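Derivation of every value follows stated rules applied to the coordinates shown; laboratory data play no part. Keep in mind that this is a model prediction, so the values were computed, not measured. Quick reminder, even Gly has a Cβ in these numbers, built from the backbone with ideal geometry, and neighbours come from all protein chains shown.
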């Protein structure tokens, strides 16, 4: 049985792999720093277009090594998926 990591842990892992602050990550995602903070505080996974889009970005980040993830600049546009 595969156990999915908690939502907040997934957001934090992606953000830190990219070497970004909450504010920088929020700007890249097109949301507020408060949303990133709430997500990382292990609140339940939000059901929204932004959350669905993050899952797609997360999949790309997970394929990269740490250095590559820090250099990656996108595409980070919700409209592109």
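Things worth noting here:
- Sequence ranges 22-34, 6-18, 57-69, ranked by mean other-Cβ count within 10 angstrom, highest first: 6-18, 22-34, 57-69
- Gain upon complete extension [residue 13, residue 55; 0.36 nm per residue less C-alpha separation]: 13.9 nm
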